[in-house]
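The block underneath contains the structure these notes are about, expressed in structure tokens.
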Protein chains: 2
Amino acid sequence: MQIAILLYERFTALDAVGPYDVLSHLPGAETVFVAQRPGPVVNEVGSLHLTATATLADVPTPDVVVVPGGPGWHVQMIDGPVRQWLRTADEHSTWTASVCSGSLLLAGAGLLTGRRATTHWLADDQLAPLGAIPVAERVVVDGKYITAAGVSAGLDMAFTLAGRIAGDAVAQAIQLAHEYDPRPPYHAGSPDHAPRAIVDALRARRNAILY
Amino acid sequence: MQIAILLYERFTALDAVGPYDVLSHLPGAETVFVAQRPGPVVNEVGSLHLTATATLADVPTPDVVVVPGGPGWHVQMIDGPVRQWLRTADEHSTWTASVCSGSLLLAGAGLLTGRRATTHWLADDQLAPLGAIPVAERVVVDGKYITAAGVSAGLDMAFTLAGRIAGDAVAQAIQLAHEYDPRPPYHAGSPDHAPRAIVDALRARRNAILY
């Protein structure tokens, strides 16, 4: 089972590494980071470099496609190599997954038309114009498409996907090995319950966060 | 504020990238991945390479030290360059932090003697022989030392540390930007409540997981 995780400049590191660290532990998984060019790919902060060990052409038909988000997403919205690869890879994939603004790339490639999907809460108005049906849930499964809300939701997506692929017991064993029993010290992870002033402050910085 | 995240061969990616993706968003933070040699450092699965952009010598006195865990930890337990760097860096640090088996490296360097600390649940018998006081909690703060339980606990540690460094409002804003409102699809993240058969299966594979 080949799992391809897409990298592009100004991706968000946790969007890619959260799912990687779950899915790479599936039995029989071969996980590969792919990008237009091989070599280190810089994240949106500028201080993290993750290596793409394969080009898009090297991995034409992965079984699982994972698309992270990050401010660099909109550069990839042109009808270029990444979009072409997404379309071809998706024709063969068993699962096509995204985290955060990664779902906008999938939708932009026409893969989520008429499908229920989610994205980062600050981007929730972007899915409908791209043909998807926005759903304000943390993880959304529609057929073979599984999309996650912002950044850390990729972990919950990955455990859900691990269970679908390999069964509950395997997913639970990975969860226990990763001690994924989260206890956030603050209750501010969703606009539904974060302090109003903080929600408003992030909305005011929306473009700086999303692009 | 300089934040140094240690890398070494066969580290666990999420141990490093979880805290990175939180702490690198602190105002005024300069986050740098350090290792004995600069360049890509391979994780424990063998398919992820994160770039160390600085050597240990390049970053002698960071304000914050973060030590990830991973099966490669025990290779670093010798009295070599990494241990020497940990001791020197800790003399100057404001905070010294670890995730998972990273606390064993701190304890091995003599930094947790008589301190309360935590680690991966499968390694909980390793701290006392190294002089620390093991505590079965997800995040433990003792003075300037903050240690996290296994892998994903690094996220909860990082948000706790972000709050101590920059205040609750900043930590909450980062939490909301990362949409850290976890909803694990399974309730198996702790040996306290995971299915017994899965706990036993991991205990049987303990050495393969820890080393």
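The table for this structure:
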read-out: Solvent exposure, largest accessible area first (probe 1.4 Å, DNA, RNA and ligands not counted), of A:Val75, A:Val139; value: A:Val75, A:Val139
read-out: List B:Ile3, A:Ile133, ordered by accessible area with a 1.4 Å probe, largest first; value: A:Ile133, B:Ile3
read-out: Kirkwood Rh, angstrom, segment B:34-156 [1 / mean 1/r, Cα pairs]; value: 14.4
read-out: Label-point separation in nm, A:Asp58 to B:Glu137, each point 7 Å along Cα→Cβ; value: 4.5
read-out: Dipole magnitude of segment B:2-185 about its Cα centre (Cβ charges: Lys, Arg +1; Asp, Glu -1), debye to nearest 20; value: 220
read-out: B:His25 accessible area, 1.4 Å probe, all protein chains in place, Å² to nearest 10; value: 70
read-out: ³J(HN,Hα) computed for each position of segment A:39-52 - Karplus, 6.51 cos²θ - 1.76 cosθ + 1.60, integer Hz, glycine/proline x; value: x, x, 10, 8, 7, 6, 7, x, 10, 10, 10, 10, 8, 7
read-out: Kirkwood hydrodynamic radius (C-alpha pairs) into Stokes-Einstein, segment B:1-86, 37 °C and 0.692 mPa s, D in µm²/s; value: 256
read-out: For A:Val41, distant residues with modelled amide H under 5 Å away; value: A:Leu50, A:Thr51, A:Ala52
read-out: Principal axis dimensions, largest first and in whole angstrom, of segment B:131-211 by Cα; value: 43, 37, 21
read-out: B:Ala117 long-range amide H proximity, modeled H, under 5 Å; value: B:Ile133, B:Val135
read-out: Per-copy distances of the B:Gln2 label point, shortest first, in nm (7 angstrom along Cα→Cβ); value: 4.3
read-out: Length added when fully stretched, B:Glu30-B:His92, from 0.36 nm per residue minus Cα-Cα; value: 20.7 nm
read-out: Relative contact order %, chain B, counting alpha carbon pairs below 8 Å whose residues are six or more apart; value: 19
read-out: Inter-chain Cβ neighbour average for residues A:40-51, partner chain, 10 Å; value: 6
read-out: The protein assembly as shown: mean projected area of Cα convex hull, nm²; value: 17.8
read-out: Antiparallel DSSP beta bridges within chain B, percent to nearest 5; value: 30
read-out: Whole-Å semi-axes of chain A's equivalent ellipsoid (Cα gyration tensor); value: 24, 21, 17
read-out: Label distances, nm, B:Arg37 versus same residue in remaining copies, Cβ-directed 7 Å point; value: 2.4
read-out: Equivalent-ellipsoid semi-axes of segment B:43-111, from the Cα gyration tensor, Å, largest first; value: 19, 15, 11
read-out: J(HN,Hα) series, segment B:118-126, from Karplus relation 6.51 cos²θ - 1.76 cosθ + 1.60, nearest Hz, glycine and proline x; value: 10, 7, 4, 4, 6, 10, 5, 8, 8
read-out: Calculated [θ] (222 nm, deg cm²/dmol) that DSSP helices of n ≥ 4 give over the protein assembly as shown, each run adding -39,500 (n - 2.57); value: -9500 deg cm²/dmol
read-out: Copy-to-copy label separations for A:Ala128, where each label sits 7 Å from Cα toward Cβ, in nm and ascending; value: 6.0
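The values are calculated or read from the model by the stated rules, or taken from the named source; none is laboratory data. As the structure is a computational prediction, the values presented were derived from the model and not from experiment. Glycine gets a Cβ as well: all are built from the backbone with ideal geometry, and neighbour counts include every protein chain shown. The area values use the complete protein model at the heavy-atom level, side chains included, leaving out ligands, DNA and RNA. Shrake-Rupley method; radii C 1.70, N 1.55, O 1.52, S 1.80 Å.
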